[in-house]
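Undergrad: Here you go, one structure.
Each value in this text was obtained by applying a stated rule to the coordinates, not by laboratory testing. Source: prediction; values computed, not measured. Cβ placement follows ideal geometry from the backbone for every residue including glycine, while neighbour counts extend to all protein chains displayed.
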Amino acid sequence: MPMTTSCRATTKGRGILQQLRRLALPGLFLFVGGAFGNPAVAAPYTPESDDQVLQRLPTPSVLDGADALQEKLADDPRDRDSAEQLARLYIQAARREGDPRYLGYASATLSPWLQASDAPPSVLVLAATIAQGEHRFTQARHQLREALAQNPRLGQGWLTLAVITQVQGQYEESLQACRRAATLVPTAAALTCQASVLALNGGLEPAYARLSRYADGAGDVADNVAVWMQTRLAEMAWQKGDLDAARAHIERGRELDREDRYLRHLYADFLLAESRPDAAIDVLEDYVDQDGALLRLAIAGIAAGDRRADRWAQQFRDRMAAAQRSAEYAHLRELARFTLVVEDNPTEALALARANWRTQKEPADMHIYLAAARAAGEPGAADEVRTFIAEHGVQDSRLAPFLNNGTEAGS
Amino acid sequence: MIKLITVLLLILPTLALGHKPSDSYLTLNVEDGGTLSGQWDIALRDLERAVGVDQNRDARVTWGELKARRAELEDHILSRLTVTARDSDRERACTLDSDGLKVDHHVDGAYAVFLLTGDCGLSPLSLTLNYRLLFDRDASHQGLVEVRYGDQPGQPVALSNQHREQTLSRDGDGGLVALATFFRQGVHHILIGYDHILFLLTLLFPAVLVWRQGAWQPKESMREALLTTLGIVTAFTVTHSLTLALASLGLVNLPSWLVESAIAITVGLGALSNLAPQYFPRRWVMALVFGLIHGLGFAAVLSDLGLAGGSLVLTLLGFNLGVEAGQALIVLIFVPAAFLVRRTAAYRRWFVPIGSVAIIAIASVWAVERLSGAL
């Protein structure tokens, strides 16, 4: 009994500390700002030759049409159609390249309409998608509510709402949003939406069976939807512990689109789980400019004994420091994973995972929270995850070992 | 087609994007006498987006291309940064020039480094930076700014599309300057803020009177009049200071149209209470309650001015003291004058009711305007 009490007290204390840290942006500046403008980090220099290439500019193929749209907008700044198309291209670019700059471009493109008090619903849906990408979930939901109240026939709006609520663990709401989208979006998208929620909410087996049957029979599905479907199927198969099926879905998805970043990271995680770090490095080593790839390279590098491991870890650390200097949102899940696996600091990782749990409740968030708690020697610290899992009937083979151990240690 | 395109966006939220959006790094050193030196690091990708650097369109920016565009780039960036210096009683715009171009690397790529010089024409106790780079092309861009006085490292602040201006004061005596600056702003605001003055005056109209037998009668003693006034002013001050502080600290946040409309309504209700005082027996209670709303209005002004980096407390204190001083000035002019004329029929039968009706009319117009602005 006293054990429990003291455990709760520390938990609470750390939670408050974590809150303070995130709230006190100026404090953060001071904390990590030591390197600010410090010429010792890297000194400005004058290049020796005019031909020296300083910067390669990314040219994502999805932006091929962007210049033309930009010109149309320059001719007629009130051309909302072109602005929405352009914003969509930027959002896609952000998603593919993993570069948040494009989200800033997208919202600048929409800003003439967003600043008006009567922003059109379709613009609000795009703005919500941008807000989501920047992890401003509350604002995103607010914008979606407003848009869908004005026009309940915006399928994309319902789908986006479904995805946010799913990420936040509100499965009832998510499922309802999927249902509202059902008649407004392609069938494959609607089914994927529903199956994704059901698979986390006690219906893993039937959800997987139905969606995979549909995927096998469906002929005419757009590539992008098909990739999403295979990605979700791979995740469900992995949840079930059916590794062969998971691998097959990942491969089918990657045949459709090699450049899908989410699927690439999933694949790397899968290879890491199968103890094949060398293969994971092969998949990721060309993408060191993306933080998600860098995180997994650092982890794989250590496991494989690769001599670049230290460099990858340091690069990831530098990126985090730079991001904390400016960003209002932090990707706590990734940071927690890095802190646990690479930095080997379970106590700090646990604090990060707990803070992350406040905004995100996907299986990966459950996993890092449970893993950090166990590594920190206080498995009971992640009891809120166990409660959540029990309440919703979340089923996932990756979580099982923690749940058993946790219960034993806790009781 | 559109359906297909939009479905592409679906998985976005479950993805962590790269961690770093677009930032520029601006450091300014302030010397005694007001000369400025510093450097401004701006990502080449951002310069490409804002002005265009890659002239041969081969998706590579070379040192030669950067140098060739130097004049245009400098014109562009310097036109998007305004620095204003203040000492204890003057305010000057500082000149800024770029007298050197170098290159540096940050975690997300190569940056052009513009070496800056400038002159403010006075020894500044605070600098106000207004930053507008790139916001029209990238709404998530931020300027990370540090101002150093002498060798003192400053506290970095982030300027963004929503928060473009910031005043950064010298520490120590600079705190007093911030205090004085915001004190003046507080006085200024209450003196030009018609709605606050009107509210206060409306409540004070009958401070020298007493409602008896269905009519306003003059109060006998100055003491009584002063007590009433003090009660109203104190109540108003306590609650508006409270909400001013809460809102400035970010603990309370209401949309400005709501606050502004509510302020207009409080003015109208205050005037109504002069016409039908039997329904509003305790005027200080009204001041107490409505003060909460006016404090939120003050806070909106304060946040428009931009809070000084390290000294929120001093800023708040200075601004609040300024508001109280301006308020005291109004009370000290109005109440004695009203006391002197309180026995005249003109004041009791004409000025109070007609003035109140006029105020109700003005307040109604404000309320309608402010509410309709929101709808």
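Undergrad: Taking just the alpha-carbon atoms of region A:177-258, what radius of gyration and Dmax come out, in angstrom?
TA: 11.9, 34
Undergrad: I'd like the Karplus ³J(HN,Hα) series for region A:390-395: coefficients 6.51, -1.76, 1.60, θ = phi - 60°, whole numbers in Hz, and an x wherever there's a Gly or Pro.
TA: With the stated coefficients, region A:390-395 comes to 5, 4, 9, x, 5, 10 Hz.
Undergrad: Is the shape of the protein assembly as shown best called rounded, prolate or oblate, per the rule: a/c under 1.5 gives rounded, else a/b larger than b/c gives prolate, else oblate, with a ≥ b ≥ c the square roots of the Cα gyration tensor eigenvalues? All intermediate terms of the calculation are to be shown ahead of the outcome.
TA: Working: a/c = 1.98, a/b = 1.54, b/c = 1.29.
It is prolate, given that a/c is not under 1.5 and a/b is the larger ratio.
Undergrad: Let a ≥ b ≥ c be the square roots of the eigenvalues of the Cα gyration tensor of chain A; is it rounded (a/c under 1.5), or, if not, prolate (a/b larger than b/c) or oblate? List each step's numbers first, then the result.
TA: On the way: a/c = 1.39, a/b = 1.10, b/c = 1.26.
In terms of gyration-tensor shape, rounded.
Undergrad: Counting only other chains, what is the mean number of Cβ atoms within 10 angstrom of the Cβ of each residue in peptide A:55-65?
TA: On the way: counts 19, 9, 12, 3, 3, 0, 0, 1, 0, 0, 0.
That average works out to 4.
Undergrad: Put +1 on the Cβ of each Lys and Arg and -1 on the Cβ of each Asp and Glu in region B:87-236; which of B:A158, B:G214, B:G118 then has its Cα farthest toward the positive end of the dipole?
TA: Positive-most Cα among the choices belongs to B:G214.
Undergrad: Here's another thing I want to ask about it. When you have a sec, figure out the Kirkwood radius of region B:58-118 from all distinct Cα pair distances and drop it here in Å to one decimal?
TA: Numbers: mean 1/r = 0.0732 Å⁻¹.
Taking every pair of different Cα atoms in region B:58-118, averaging 1/r and inverting gives 13.7 Å.
Undergrad: Viscosity 1.567 mPa s, temperature 4 °C: give me the Stokes-Einstein translational D for region B:132-171 in µm²/s, with Rh taken as the Kirkwood radius over C-alpha pairs.
TA: Values: Rh = 11.1 Å.
It diffuses with D of about 116 µm²/s by this estimate.
Undergrad: Let me ask something additional. Which residues' amide hydrogens lie under 5 Å from the amide hydrogen of B:V210, considering only partners 5 or more residues apart or on another chain, with H built in the peptide plane?
TA: It is B:Q217, B:K219, by chain and number.
Undergrad: Can you compute 3J(HN,Hα) from phi for each residue in region A:286-297, using the Karplus curve 6.51 cos²θ - 1.76 cosθ + 1.60 with θ = phi - 60°, rounded to whole Hz and x for Gly and Pro?
TA: Those phi angles translate into 7, 10, 5, 6, 9, 4, x, 5, 4, 4, 6, 5 Hz.
Undergrad: Something else: What percentages make up the Cα-Cα pair-distance distribution of region A:329-411 when the bins are 10 Å wide from 0?
TA: Reading upward from the zero bin: 20, 55, 23, 1.
Undergrad: Looking at region A:43-137, which trypsin sites (Lys or Arg not before Pro) are in a loop (DSSP not H, G, I, E or B) and have at most 10 other Cβ atoms within 10 Å?
TA: On the way: sites: A:R56, A:K72, A:R78, A:R80, A:R88, A:R95, A:R96, A:R101, A:R136; in loops: A:R78, A:R136.
Loop-located and lightly packed - A:R78.
Undergrad: Among the GluC sites (Glu not before Pro) within region A:214-270, which fall in a DSSP loop and have no more than 14 other Cβ atoms within 10 Å of their own Cβ?
TA: On the way: sites: A:E235, A:E251, A:E255, A:E259; in loops: A:E259.
When the GluC sites (Glu not before Pro) of region A:214-270 are filtered for loop state and at most 14 Cβ neighbours within 10 Å, A:E259 remain.
Undergrad: Turning to a different aspect of this structure: Within 10 Å of each residue's Cβ, count the other Cβ atoms and sort A:E134, B:E91 from fewest upward. The partial results should precede the final answer.
TA: Numbers: A:E134 21, B:E91 14.
Going from sparsest to densest Cβ surroundings: B:E91, A:E134.
Undergrad: Among A:P379, A:P206, A:P346, determine the one that fluctuates most according to a GNM of chain A built with springs between C-alpha atoms less than 10 Å apart.
TA: A:P206
Undergrad: Is the shape of region B:21-169 rounded, prolate or oblate, going by the alpha carbon gyration tensor and its root eigenvalues a ≥ b ≥ c, with a/c under 1.5 for rounded and a/b larger than b/c for prolate?
TA: Working: a/c = 2.11, a/b = 1.77, b/c = 1.20.
Prolate.
Undergrad: OK, next. What's the center-to-center distance, using Cα atoms, between region B:201-232 and region A:231-279 in Å?
TA: 80 Å
Undergrad: Also, I was wondering about something else. Quick check on the exposure proxy: order B:V210, A:V185 from fewest to most C-beta atoms within 10 angstrom.
TA: Result, fewest neighbours first: B:V210, A:V185.
Undergrad: If you don't mind, there's one more thing I want to ask. Mind listing the phi-derived Karplus ³J(HN,Hα) values for region B:225-234, rounded to whole Hz, using 6.51, -1.76 and 1.60 with θ = phi - 60°, and x for any glycine or proline?
TA: Calculated HN-Hα couplings, in order: 4, 5, 4, 4, 4, 4, x, 5, 5, 5 Hz.
Undergrad: Taking N as the number of residues in chain B, what is its Cα Rg relative to 2.2 N^0.38 Å?
TA: Working: Rg = 27.2 Å, N = 375, 2.2 N^0.38 = 20.9 Å.
After normalising by residue count via 2.2 N^0.38 Å, the value is 1.30.
Undergrad: For region A:65-151, take every pair of Cα atoms, bin their distances at 10 Å starting from 0, and report each bin as a whole percent.
TA: Percent of Cα pairs in each bin: 19, 51, 28, 3.
Undergrad: Tell me, B:I354, B:I197, A:I91, A:I389 in order of fewest to most beta-carbon neighbours within 10 Å? Walk me through the intermediate numbers first.
TA: On the way: B:I354 10, B:I197 17, A:I91 26, A:I389 20.
By the 10 Å Cβ count, ascending: B:I354, B:I197, A:I389, A:I91.
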